[in-house]
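Let me begin by presenting the structure, written as structure tokens, before commenting on it.
The values are calculated or read from the model by the stated rules, or taken from the named source; none is laboratory data. Here the structure is a predicted model, which is why all the values come from computation and not from measurement. Glycine gets a Cβ as well: all are built from the backbone with ideal geometry, and neighbour counts include every protein chain shown.
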Amino acid sequence: MKDLIWIEVSKKAIADNFKQIKKTAGKNTKIAVAVKANAYGHGLKETSKIIAQAGADWLCVNSIEEAEALRASGIKMPVLIMGFTQKADANRVAKSGAGVFAYNLAAVKVLSAAAVRVRKKIPVFIKIDTGLSRLGLLPEDTMSFIGEVRKLKGVKIEGVATHFAVDDDGSHNGYFKKQLTTFRKIAAEIKDEGLENLIISGSSSATAIIFPEHGFDIIRTGIGVYGYHSSEHVGSCSKKKGINLEPALTLKTKIAQIKEIPKGVCVSYGCDFTARKKMKIAVLPIGYSDGLDRKLGNKGYVLIKGKKAPIIGRVCMNMMIVDVSNIFDVKTEDETVIIGKQGRERVTADDHARWADTINYEIMAKLRESISRYYI
């Protein structure tokens, strides 16, 4: 491999993970896969093609830029923009044919006019804020909003959607059920208005696993397709149900230098680590500018020759240092696994999240887009 840093993505893992989630959801449930944030670090265009081939019904993105990138790569399947779309981008959205979350009447009117000009009918999902307090209409404003949207010629109400705040946390079932009740009530009211074939969208992969009885017409899944769970609770429920997801992403680099340092020498900035004895260390050409977290310093490890090499000292902008004192025959340019499997050992995004006191989503989403990605 000529790259200094690269990512390998397993097509099989993504396809298999998708199939397991699809099976859990049931044959009559559609699947929308979130590919926003560069497909959670896996690469937007190629990963979307893998997911499309696996049988997804929709792809979910955050912005018009992501939707346009998918169209430019030849993907013609339904795309839903879940993030904020400003009025100035209405023409771009209309040309792309992507659907949007609708919650601002002025913005929907501009989008409708743009769609009429290009002779398209843009699908919109009425976004309801049932308790997450992010984008969306308050429940009491929903019906009047829908009445106004139905008057517009350039848009079609495709469905109704919400996001649950705690569908992956076993300790907050009461709040989840409160949101669920609110959403079901509003969805029923909307259907009573005569809207046919309305897609009800609220479930994530976590909801499908923990609360399959509360499923809707379509599941918006993200982290599960990439081989991870959104919480330990979801992971535990999955294990009990025989759902075994496989992480699809491997992050690798090479050893830049190996040297021995004497006792008492500092390693990296700030002297957070001082050698207590003579040590053999390896310098790796990867750092926080590539998406790693500085909190990994003195906490995590990488894999070299199938063995754990502890990270010592602070992670730098473009470099990090590991202890290879106990690894035999290590040499410059040896392949090093930052996230992934090597031999019998494995280091996961969950491990990185634990060391950095964050979540696996952030670990993968931060990986620099310009890192080469290979699909195997």
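Take the residues in the range 11-58 that are in a strand (DSSP E or B) and over 14 Å from the mean Cα position of the chain (by Cα); name whichever of them is farthest from Ala69 (Cα to Cα).
Restricting to residues being in a strand (DSSP E or B) and over 14 Å from the mean Cα position of the chain (by Cα), the top hit is Lys30.
Of the residues that make up the range 281-296, is at least one at pLDDT below 95 and of a type outside the set (Gly, Ala, Ser)?
no
Among (1) touching a Lys or Arg at 6+ places or on another chain (Cβ under 7 Å); (2) surrounded by 21 or more Cβ atoms within 10 Å (Cβ to Cβ); (3) part of a helix (DSSP H, G or I), which single condition is Ala107 missing?
(2)
Being more than 26 Å from Phe211 (Cα to Cα), hydrophobic (A, V, I, L, M, F, W, C) and either assigned to a loop (DSSP other than H, G, I, E, B) or outside the structural domain of Gly99 (by TED's automatic domain parsing) (or both) is the filter here; which residues of the range 133-192 pass it?
Across the range 133-192, the qualifying residue is only Leu152.
Being touching a residue at least 24 places away in the same chain (Cβ under 8 Å), touching a strand residue (DSSP E or B) at 6+ places or on another chain (Cβ under 7 Å) and closer than 30 Å to Arg184 by Cα is the requirement here; does Val124 meet it? Steps first, please.
Details: touching a residue at least 24 places away in the same chain (Cβ under 8 Å): yes; touching a strand residue (DSSP E or B) at 6+ places or on another chain (Cβ under 7 Å): yes; closer than 30 Å to Arg184 by Cα: yes.
Yes, satisfied.
Quick check: is even one residue across the range 113-120 closer than 28 Å to Glu189 by Cα and surrounded by 21 or more Cβ atoms within 10 Å (Cβ to Cβ)?
yes
Looking only at the range 351-361, which residues are within 17 Å of the chain's Cα centre (by Cα) and surrounded by 17 or more Cβ atoms within 10 Å (Cβ to Cβ)?
Restricting attention to the range 351-361, the residues satisfying the condition of being within 17 Å of the chain's Cα centre (by Cα) are 351-353, 358-361.
Correct list: Asp351, His352, Ala353, Ile359, Asn360, Tyr361.
Test each condition in (1) at pLDDT 95 or above; (2) hydroxyl-bearing (Ser, Thr, Tyr); (3) assigned to a loop (DSSP other than H, G, I, E, B); (4) within 24 Å of Ile359 (Cβ to Cβ) for Thr130 and report the one that comes out false.
Every condition holds for Thr130 apart from (1).
Rundown of residues vs (1) surrounded by fewer than 18 Cβ atoms within 10 Å (Cβ to Cβ); (2) touching a helix residue (DSSP H, G or I) at 6+ places or on another chain (Cβ under 6 Å); (3) in a loop (DSSP other than H, G, I, E, B), yes/no style:
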residue	(1), (2), (3)
Ser238	no, yes, no
Gly242	yes, no, yes
Glu246	yes, yes, yes
Lys259	yes, no, no
Lys280	yes, no, no
Cys316	no, no, yes
Glu333	yes, no, yes
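Might you let me know whether the range 7-25 holds any residue that is buried (at least 18 other Cβ atoms within 10 Å of the Cβ), small (Gly, Ala, Ser), at negative phi and at pLDDT 95 or above?
yes
When you go through Val100, Val79, Val108 one by one, which is the residue that is assigned by TED's automatic domain parsing to the domain that holds Phe125 and in contact with a Gly (Cβ under 8 Å, 6 or more places away or on another chain)?
Among Val100, Val79, Val108, only Val79 is assigned by TED's automatic domain parsing to the domain that holds Phe125 and in contact with a Gly (Cβ under 8 Å, 6 or more places away or on another chain).
Within the range 293-301, identify whether any single residue is in a strand (DSSP E or B), crowded, with 22+ Cβ neighbours inside 10 Å and within 25 Å of the chain's Cα centre (by Cα), and answer yes or no.
no
With respect to the numbered conditions (1) in contact (Cβ under 8 Å) with a residue 24 or more places away in the chain; (2) under 23 Å from His42 (Cα atoms), which one is the sole condition not fulfilled by Arg314?
For Arg314, the failing item is (2).
For the range 335-376, give me each residue that is assigned to a loop (DSSP other than H, G, I, E, B) and β-branched (Val, Ile, Thr). Outline the logic, then answer.
Here is the first cut: in the range 335-376, the residues assigned to a loop (DSSP other than H, G, I, E, B) are 343-344, 348, 357-359, 366-371, 376.
Matches in the range 335-376: Thr348, Thr358, Ile359, Ile371, Ile376.
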